[in-house]
Each structure stands twice: as structure tokens, then as C-alpha cells.
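Shown next, in C-alpha cells, is the structure this report addresses.
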Amino acid sequence: MDKKWLARLLITLLTGLSVAQADELFPEYIDTVNNTRLLRCSQAELKAFRLIHVGNAALYLDDCKKVSRIFSAGPKHLRFLYEKAIPAKAFKDASEEYLKINLGQQYADWQAEFDAFNSHYQDIKEGDYYDLVYDPKTGLKLQLNSKLLATLDDPAQSLAYLNIWFGKEPFSNDLKDTLLNIVD
């Protein structure tokens, strides 16, 4: 069985989306404004409190072989598709918590910038999606349903922000392991 077809079928079954909707929201590739094509390298289930299915996530890179070097300066794109309504405060609180845990003093040094960025999270409803788009030249962009909400300009802070999902103590170990193709 074709792996791509199987992946689309699983998204369809897990999310209740049609195959066409899944292809549209988790396309095989995304073209950036700098004419870089980012490939969908992995997808994962997104759970709150390690138990509650709230959606799915996908990781896009210019070269899927670089997935183990997630903190390298290359372009990357994370998409989170939600199947449940979630208040903005939940995103802000989780971001702050996992940045503090993973960055320590560096978080304190950059807290003002992270707080300003996190202040742009909005309440979401079922079917909404957040994109975090990292470009080494322009930093990190936060988008809701393709609408730009905020930019974190500093490239070092932008990469550090990814610790929420890929740090030593991520929001979800299962999400991290699946997106980074880590196998025990």
C-alpha cells in the first residue's frame, strides 16, 4: 500500500476531514515567500494533557534528512490543525511554561520578546490551524489560518521558541518523537 495514501487515510479517519481537506491542510509541500519548497517530513497526533486528542501537526523542512537537526538555521514550518476549541490563554500559558523549563536563564533574558509574541495567540475553534514559520533571515512568524499575527525577529530567539515542541522537556514527548522520526 502506498505510504502517502495510507497517511492521508489515517488523517481522514483521525480528524474526520475528507481526503481533499487533509491534502489541502497538510499538503505534500509548502512554497515559502523566498521560493524555497518545504517538504512535509512528518505528521503527528496532537494531544492535550497526554490524553485528549485535540488535532494533528505536521513538520515541513527543505530536506527531510535534516529532521534530526531541528535547531539548525534552515527554514522550517510547523502546522497545527485543531479539532477542538482552545482559548488563547492555553497557548500563552503552555508556551511560557515550556520555554521556562527548556531555556532557564535564557528565557528570563528574552521573556519580554516571548511575552509580546505570545500575546498574539487567539481563541481558536474547530478547524482552525496555527502555522509557525521559521526563516533564518526573518525569524519566526505566527499565523492563524494563513493570517499573520506576530513575528519574532531575532533568529536565535526564534529557534529557541521551538523548544516548546522539540526541547529536552517538550509539550509532548510523543509529538516530538513522531515529528522528528525518533524510534526507541
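The values are calculated or read from the model by the stated rules, or taken from the named source; none is laboratory data. This one's a predicted model, so the numbers in the text were calculated from it and none came from an experiment. Glycine also receives a Cβ, built like all others from the backbone with ideal geometry; neighbour counts cover every protein chain displayed. Ligands, DNA and RNA are excluded from the accessible area calculation, which covers all protein heavy atoms including side chains. Shrake-Rupley method; radii C 1.70, N 1.55, O 1.52, S 1.80 Å.
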Sorted peptide list for 61-70, 130-139, criterion being average Cβ within 10 angstrom, highest first: 130-139, 61-70
Calculated FRET efficiency for the pair residue 88/residue 62, C-beta based, R₀ 30 Å, to 0.05: 0.45
Amide hydrogen neighbours beyond the local backbone of residue 55, cut-off 5 Å, H modeled: 46, 83
Approximate spin-label separation residue 50-residue 71, in nm, with each point projected 7 Å along Cα-to-Cβ: 2.3
Derived scalar couplings ³J(HN,Hα) [the stretch 83-97; Karplus, 6.51 cos²θ - 1.76 cosθ + 1.60; whole Hz; x for Gly, Pro]: 10, 9, 6, 9, x, 4, 4, 5, 5, 4, 5, 5, 4, 4, 4
Residues with amide H under 5 Å from that of residue 150, placed H, sequence gap 5 or more: 142
Accessible area of the stretch 69-118 belonging to carbon and sulfur atoms, whole % at 1.4 Å probe: 53
Accessible area per residue in Å² at 1.4 Å probe, computed on the stretch 35-184: 50
Compactness of the stretch 62-171 as Cα Rg over 2.2 N^0.38 Å, two decimals: 1.02
Paramagnetic label zone (point 7 Å from Cα along Cα-to-C-beta, residue 119; backbone N under 15 Å) in the stretch 139-181: 149-153
